[in-house]
Amino acid sequence: MIPVDQQRIRRSRTGLIAHDPDRALQGYTLFTPMFGDGTVYLLDMGGEVVHTWRLPYRPGLYGYLLDDGRLFYSGKVMDDLERFEGWSRFKAGAALEVDWSSRVLWEVQHPDHHHDARRLRNGNVLLLCLRPVPDALRARIRGGVPETETPAGIYGDYLVEMTTRGEVVWEWRSWEHLDPETEVITPQDHRHEWTHGNTVAELPDGNLVLSFRNISTICIVDRPTGRITWKLGSPPLAQQHDPCPIENGHLLIFDNGSHRRDHPAPYSRVIEVDPHTRGIVWEYRDQSLFDFFSPYIGGAQRLPNGNTLICEGCRGRIFEVTRDGQVVWEYVNPHFYFESSRAGLNNWVFRAFRYSSAEIERARHA
């Protein structure tokens with residue numbers, strides 16, 4: 001007798017699920033199993049692995065290709081994992097760049113680094129970090145489950161810009177610019193963290209966009225002054241990830257949907273927001289409301305043909321939709337790993353990216 005596989009996603013189906021070659025953008029898809037061993041996978045449109053990178057660290061939490069074709073990767077440094085529940089899941093600690101053969105070209109480390117890092121256009125590295133907020137601020141932070149602070153207090157996010165030699169050249173602290181009276185922790189979340197940043201990205205004008213999950217807020221930071229010049233909160237957002245600037249000046253956002261304030265049911269969607277009006281100008285949600293839901297993690301990429309590549313992170317599902325919401329390519333990560341504190345046996349993927357044949361050819365020779 002063959003025992004029944006007790007992992008529902010794996011029991012259902014993994015690998016390539018669907019492909020409409022006439023409407024999908026042809027190319028290659030890159031993803032990293034979030035709790036994996038440091039292997040980054042590159043797939044063709046048939047779902048076959050055509051290349052892998054083998055990194056010296058487990059993911060912390062993903063990698064992506066730079067314009068020159070090299071792989072930029074955040075790795076998890078396996079020490080100082082006990083700050084608070086959850087830290088071991090999303091901690092990083094190292095940012096590095098590798099070539100096609102996985103040779104490390106440079107590496108920087110920072111003990112507070114988590115979730116995200118970006119290579120800036122000036123050649124420096126921007127790290128999303130956290131540390132306890134000042135004691136004077138701690139009592140003013142509202143929301144969350146009472147009496148769930150860590151022994152060190154409440155953690156808040158800050159940014160560190162450094163050179164590839166590890167020299168710190170700029171720092172920005174969220175607690176110096178956010179208002180604890182209006183940026184309130186979601187009631188169901190512990191007070192381990194105030195903001196829980198999950199994304200930092202550079203805008204075309206050099207300013208920065210950040211996503212803070214625990215307060216369901218996205219903001220834009222003016223680089224010269226450090227001031228927050230734009231914010232979007234809840235509603236419409238609900239513990240969102242990955243605000244991604246797109247060519248028309250809008251932001252593409254994976255809106256996870258946990259603890260929605262404007263709808264009784266949790267569901268995920270991808271929205272395109274015009275920052276000038278704060279209005280939603282495009283939205284994808286599944287026609288069956290609960291069939292698209294990732295309570296944690298996720299991302300989206302607007303493709304050159306107008307389609308959108310979506311990473312439904314907690315299901316390891318990567319799929320492409322047309323402007324009118326039709327699925328034209330779908331793949332489910334077949335690589336499962338065990339994470340002891342919350343995720344269990346899972347195939348989570350933090351983010352995924354589609355690249356053209358020309359971009360992959362450039363990566364081969366980078």
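The values are calculated or read from the model by the stated rules, or taken from the named source; none is laboratory data. Since the model is a prediction, treat every value here as computed from it, not as a measurement. As a convention, Cβ positions derive from the backbone with ideal geometry for all residues, glycine included, and neighbour counts pool all protein chains shown. To get the accessible areas, we keep the full protein, side chains included, count just its heavy atoms, and leave off ligands, DNA and RNA. Shrake-Rupley method; radii C 1.70, N 1.55, O 1.52, S 1.80 Å.
So the values come out like this:
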item: Mean Cα-pair separation over length for the chain, i.e. relative contact order, pairs under 8 Å, 6 or more apart, %; result: 16 percent
item: Accessible surface of segment 1-75 [probe 1.4 Å, protein heavy atoms]: carbon and sulfur percent; result: 48 percent
item: Assigned charges on the beta-carbon of Lys, Arg, Asp, Glu; segment 251-366 dipole about Cα centre (debye); result: 260 debye
item: Arg191, Arg8, Arg364, reordered so the largest accessible area comes first (probe 1.4 Å); result: Arg8, Arg364, Arg191
item: Candidate residues His241, His250, His263: accessible-area rank, largest first, probe 1.4 Å; result: His263, His250, His241
item: Charged-residue dipole, Cβ positions (Lys, Arg, Asp, Glu), segment 290-345 about Cα centre, Debye nearest 20; result: 120 debye
item: Cα gyration tensor shape for segment 223-366, rounded if a/c is under 1.5, else prolate or oblate; result: rounded
item: Solvent-accessible area per residue, Å², over the chain with all protein chains present [probe radius 1.4 Å]; result: 41 Å²
item: In Å², nearest 10: area of Tyr337 left accessible to a 1.4 Å probe; result: 60 Å²
item: Accessible area of Asp291 in the full protein assembly, 1.4 Å probe (Å², nearest 10); result: 80 Å²
item: Cleavage-rule hits, GluC sites (Glu not before Pro), segment 163-262, DSSP coil, Cβ neighbours within 10 Å at most 16; result: Glu167, Glu181, Glu247
item: Whole-percent carbon and sulfur share, accessible surface of segment 105-200, 1.4 Å; result: 47 percent
item: Exposure of Asp67 as accessible area (Å², to 10), given a probe of 1.4 Å and all protein chains; result: 140 Å²
item: Within-15-Å neighbourhood charge of Asn346 [Cβ basis; K, R +1; D, E -1]; result: +4
item: Relative contact order of segment 193-321, defined on C-alpha pairs under 8 angstrom at six or more residues apart (%); result: 15 percent
item: Segment 15-127: relative contact order as a whole-number percent, Cα under 8 Å and 6+ apart; result: 17 percent
item: Test item: Cα-centred dipole of segment 9-119, Lys/Arg +1 and Asp/Glu -1 on Cβ, debye; result: 340 debye
item: Whole-Å distance, taken between Cα centres, linking segment 129-189 and segment 301-366; result: 30 Å
item: Segment 213-293: trypsin sites (Lys or Arg not before Pro) in DSSP loop, at most 16 other beta carbons within 10 Å; result: Arg227, Arg261, Arg278
item: The chain: calculated mean residue ellipticity at 222 nm from DSSP helix runs of at least 4, using -39500 (n - 2.57); result: -1000 deg cm²/dmol
